[in-house]
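Here, each number is a calculation from the coordinates, and none is a lab measurement. Bear in mind that the values here come from a model prediction, so they are computed numbers and not experimental data. As a convention, Cβ positions derive from the backbone with ideal geometry for all residues, glycine included, and neighbour counts pool all protein chains shown.
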Amino acid sequence: MIRTAVDALLANMVLVVSFSAWLIAQVLKVLFFMIKNRKFDIERLVGAGGMPSSHSALVVALCVSLAIEEGLRSPLFALAIIFACIVMYDAAGVRRAAGKQAKFLNELIREFLSGHAFNDTKFKELLGHTPLEVLLGGILGGVVAYGFYYW
């Protein structure tokens with residue numbers, strides 16, 4: 001029964017394409033981080049933020065896959081487009097703003113610690129994406145989906 005369920009999930013091309021785009025984006029994040037910072041950080045493989053946006057890659061791959069499988073008039077495609085817009089807006093807007101606030105708080109704590117005893121808890125700064133990271137993640141998702149279906 002479990003094998004049947006796994007086989008069914010692996011046969012779902014939309015699911016396979018979407019998660020493949022996500023995985024490729026996550027691996028690229030690790031590589032780009034290594035090139036930029038000259039160090040390996042495994043947290044980049046599962047962490048939020050960074051280039052390219054894996055959230056954008058996943059939802060755009062989902063949209064393109066559904067467009068190919070169901071057509072542009074499909075209610076599923078419409079749902080996926082709306083979902084993608086929300087995810088991409090959140091990645092570039094809300095989570096990015098939260099990351100900027102965390103960065104400011106970390107700087108404030110650093111300054112305060114230079115002369116006073118204080119709780120030195122660090123906040124996660126890499127929460128969101130720049131618009132470019134979101135755009136390139138979306139392009140990656142579209143290319144991966146197109147490649148699965150037409151190459």
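Things worth noting here:
- Note that the stretch 1-55 shows a convex hull volume over its alpha carbon atoms of 84 Å³ per residue.
- Three semi-axes describe the equivalent ellipsoid of the chain; taken as square roots of 5 times the Cα gyration tensor eigenvalues and ordered largest first, they are 36, 17, 14 Å.
- Estimated inter-spin distance, Lys100 and Ile139, nm [label 7 Å along Cα→Cβ]: 2.4
- Potential lengthening of the chain between Ile109 and Ile2 amounts to 33.5 nm, from the contour at 0.36 nm per residue minus the alpha-carbon distance.
- Phe19 versus Phe40: modelled label distance in nm, points set 7 Å from Cα along the beta carbon direction: 2.5
- Degrees, to the nearest 10: 131-150 long Cα axis against longest axis of the chain: 20
- Between 0 and 90 degrees, the angle of helix 75-92 with respect to the longest Cα principal axis of the chain falls at about 20 degrees.
- Lysine pairs with alpha-carbon atoms under 18 Å apart, the chain, spacing 8 or more or separate chains: 6
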